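Report on the following structure.
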Amino acid sequence: MFHLFYLTRLKTVFELTKHKLNEYIYYYLVLLLASTTIYNEWLVYSLYASKWPTLYCGNEKFCKTVLLVADPQILGEERTNVIARWDSDRYLFNTYGRALQHVNPDNVIFMGDLIDEGSLADQKTFERYLHRFSKIFFLKNTIPLASKNVIFIPGDNDIGGDEEIVIREKVDRFNLYFGSPGVIENEKIEFVMVNQLIDSMPTNINPTNRTNTVKIMFSHIPLTTRWTKFTDKVVNEFKSEFIFSAHDHSSFSFISDIKKRKQTYVQRLGHNSFDEMSRAQWRFGQQSPNSVSEIIVPTCSYRMGSNNIGYGVLTIDTFRHSVTYTILWLPSRFSCLYVYLYVLMLCIILYFLHLITRNSKTIIYRVM
């Protein structure tokens, strides 16, 4: 008798629960979709930003911070649809805004491959890309986009190169819209911009001893991974201790012997877990006269086929003559898109279960 009473009550609870689920199914589905959207479009970026390393440089009087943006490659109109372009633009906008707020940099350097189809675009299309680029990266809407604190380096997707012939008019167009000086000096710091795509380097207006000045070279194409005549030329001319490059979409650190023209040290800069992100910092002291360090900055676009994406940060301490390199790792957008897919499938399944059960005959037993 007790078992019958227990089973009857259990069935009553089950039927009542099913009735409530059917009654509020639309609220549950909306809540599930809304929660997923809030996480994927806002919360995940804030979670990653909360794990970014703290930037420290001692006496601020002797410190400069530089935000490095490598290979953003905003998508073009020929190879991608409007939804893909919108999603990629939104991802760059969300991540760059948080990086800018976290770093509060003295300079921002865009390290080439700014526009995926930049070298292929006609003038009207190029201007549309330029407008999108300005909106994504909070830039002034005047020509050129470069300023005292914002610097641009051309990449092969911008002017040609790699597998495409570089045409002078493409180089001139880039310089017109993004033009930046080849050498920038600022309180014992010297930035040198070189372009291996056209074997171009600026005039060395200040061949000072590098013990007095922190000399840093920037190039879109890595210079010491494959030692060329151009590498010899720029390294010996400017005697920079540090080279920062992009193009490869992943992050590595190299130390090379200038006289032997070969690498003596290689380290892959990555992260294996969410918790390791706060330790993504590497400090480089003054180099010996015969060596040069090169750091490849990872891409900040999730469309480049790399799992490790992020922004680079330089903290330059002129008092200690040192450079600290930090990576602000970014969340995987494809993981978020897969979450959307799984949640949508779950919602469809729940909705069909609702349709099947809502018209089924419900018998509720009353126990007196």
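The values are calculated or read from the model by the stated rules, or taken from the named source; none is laboratory data. What you see is a predicted model, and the numbers here were worked out from it, not measured in a lab. All Cβ positions, glycine included, derive from the backbone under ideal geometry; neighbour counts span all protein chains shown. Remember, those area values only see protein heavy atoms, side chains included, never the ligands or the DNA or RNA. Shrake-Rupley method; radii C 1.70, N 1.55, O 1.52, S 1.80 Å.
Taking a 1.4 Å probe, which of Met217, Met193 shows the most accessible area, and what order do the others take after it?
From most exposed to least exposed: Met193, Met217.
So which chymotrypsin sites (Phe, Trp or Tyr not before Pro) in segment 93-151 are both in a DSSP loop and have at most 12 other Cβ atoms within 10 Å of their Cβ?
Taking segment 93-151 and a limit of 12 other Cβ atoms within 10 Å, the loop chymotrypsin sites (Phe, Trp or Tyr not before Pro) found are Phe138.
Output needed for segment 219-368: three equivalent-ellipsoid semi-axes, defined as square roots of 5 times the C-alpha gyration tensor eigenvalues, in descending order, whole Å.
Working from the Cα gyration tensor, I get semi-axes of 55, 17, 10 Å.
Of Asp232, Asp158, Asp172, which has the most accessible area with a 1.4 Å probe, and how do the rest follow in descending order?
Final ranking, largest accessible area leading: Asp172, Asp232, Asp158.
Which GluC sites (Glu not before Pro) in segment 116-185 pass both tests, a DSSP loop state and at most 13 other beta-carbon atoms within 10 Å? Don't skip to the end; give the middle numbers.
On the way: sites: Glu117, Glu127, Glu163, Glu164, Glu169, Glu185; in loops: Glu117, Glu163.
Of the GluC sites (Glu not before Pro), the ones in loops of segment 116-185 whose Cβ has at most 13 other Cβ atoms within 10 Å are Glu163.
Can you tell me the dipole magnitude for segment 105-172 around its Cα centre, using point charges on the Cβ only (Lys, Arg +1; Asp, Glu -1), in Debye to the nearest 20?
Once rounded to the nearest 20, the dipole reads 540 debye.
Can you sort Arg261, Arg279 by 1.4 Å-probe accessible area, starting with the largest?
Largest to smallest exposure gives the sequence Arg279, Arg261.
Give me the dipole magnitude in Debye, nearest 20, for the chain about the Cα centre, with unit charges on the beta carbon: positive for Lys and Arg, negative for Asp and Glu.
Roughly 1340 debye, rounded to the nearest 20.
Which value, in debye to the nearest 20, gives the size of the charge dipole of segment 223-355 about its Cα centre, when Lys and Arg are +1 and Asp and Glu are -1 at the Cβ?
Dipole of segment 223-355, to the nearest 20 debye: 420 debye.
Please work out the Cα center distance from segment 299-321 to segment 54-84, rounded to the nearest Å.
When both Cα centres are located, 7 Å separates them.
Have a look at Leu92, Leu176, Leu29 and tell me which one the Gaussian network model of the chain (Cα, springs below 10 Å) gives the largest fluctuation.
Looking only at Leu92, Leu176, Leu29, the biggest GNM fluctuation is shown by Leu29.
Express in % the proportion of alpha carbon pairs of segment 215-283 at distances exceeding 16 Å. Please list the in-between numbers first.
Details: 1226 of 2346 pairs.
Cα-Cα pairs of segment 215-283 separated by over 16 Å account for 52 percent.
Relative to the compact globular guide of 2.2 N^0.38 Å, what is the alpha carbon radius of gyration of the chain, as a ratio?
1.31
Looking at the chain only, what percent of DSSP beta bridges run antiparallel? Nearest 5 please.
For the chain, the DSSP antiparallel bridge percentage is about 60.
Tell me, in nm to one decimal, what length is gained between Leu355 and Asp172 on full extension, where the rule is 0.36 nm per residue of separation less the Cα-Cα distance?
Contour length minus Cα-Cα distance gives 59.6 nm.
Give the residue list of GluC sites (Glu not before Pro) in segment 49-108 that are DSSP loop and have at most 10 other beta-carbon atoms within 10 angstrom. Don't jump to the answer; show the numbers that get you there.
Numbers: sites: Glu60, Glu77, Glu78; in loops: Glu77, Glu78.
The qualifying sites are Glu78.
Taking R0 as 35 Å, what FRET efficiency do you get between Lys51 and Val266 from their Cβ-Cβ distance, rounded to the nearest 0.05?
Values: r = 26 Å, r/R0 = 0.76.
Calculated transfer efficiency: 0.85.
Of Thr225, Gln196, Phe244, which is farthest on the positive side of the dipole of segment 196-269, counting Cα position, with +1 on Lys and Arg Cβ, -1 on Asp and Glu Cβ, and the Cα centre as origin?
Thr225
What's log10 of I(q)/I(0) for segment 73-226 at q = 0.11, 0.14, 0.20 Å⁻¹, Debye sum over Cα points only, no solvent?
Taking Cα atoms of segment 73-226 as identical point scatterers yields -0.47, -0.75, -1.39.
Quick one: work out Rg over Rh on the C-alpha atoms of segment 151-280, Rh as Kirkwood radius.
0.99
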